[in-house]
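Presented below is the structure to which this report refers.
The values are calculated or read from the model by the stated rules, or taken from the named source; none is laboratory data. Computed from a predicted model, the values in this text were never measured in an experiment. As a convention, Cβ positions derive from the backbone with ideal geometry for all residues, glycine included, and neighbour counts pool all protein chains shown.
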């Protein structure tokens, strides 16, 4: 059997969108996915993919992983554009692959809906609510939105906010506390540790 015909193992990403997301129709549409390898001195592009359509629901995306004896960290960026205007919050995801084939789900955040992963909800008493807030980094009292979840519903979800309330250049952060004892509860954006931003006049930076 010829080794030339063998394909390297692959990484499969399942890009997930909120159930109520509806892609606009007509006009100029484009979906872009960029994958870069980060483990070496400078990022190396593994795959740069463009498709002249949009997705309403999730879809699968594959890229090669030709390494068998070392873990590799990939940076993944996804954008969906309609008439050259971004539909997603600008965000880099980080995927660590120790062995292929590898499968992983990444939750995309449309503008106005920030995906939040709530960690360790069992640390919150069942009878108490948890308040999750998206607010300015420098002035925590200035918030975009806050929601309450009890212990049973404190799971990953999409936090909806008004994109027009984002102030250009401001930095925003997620925080959560349980309401009875005011103890911090871990929350984060899905598998991402870098600032993310809106485009054009709604530009703002969000941190985990």
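Residues that are surrounded by 10 or more Cβ atoms within 10 Å (Cβ to Cβ) and either farther than 22 Å from residue 106 by Cα or not assigned by TED's automatic domain parsing to the domain that holds residue 61 (or both) occur at least once in region 20-40.
Considering region 53-68 alone, what residues qualify as being under 25 Å from residue 25 (Cβ atoms) and not in a strand (DSSP E or B)?
Filtering region 53-68 for residues under 25 Å from residue 25 (Cβ atoms) gives 53-61.
Correct list: 53, 54, 55, 56, 57, 58.
Note on region 143-208: enclosed strands (runs of 3 or more DSSP E) holding 1 or more residues that are touching a strand residue (DSSP E or B) at 6+ places or on another chain (Cβ under 7 Å) and at pLDDT 75 or above are 143-150, 157-160, 171-178. Looking at region 27-52, which of the residues that are part of a loop (DSSP other than H, G, I, E, B) and either under 28 Å from residue 159 (Cα atoms) or touching a strand residue (DSSP E or B) at 6+ places or on another chain (Cβ under 9 Å) (or both) is modelled with the lowest pLDDT? Once the filter is applied, the top-ranked residue is 39.
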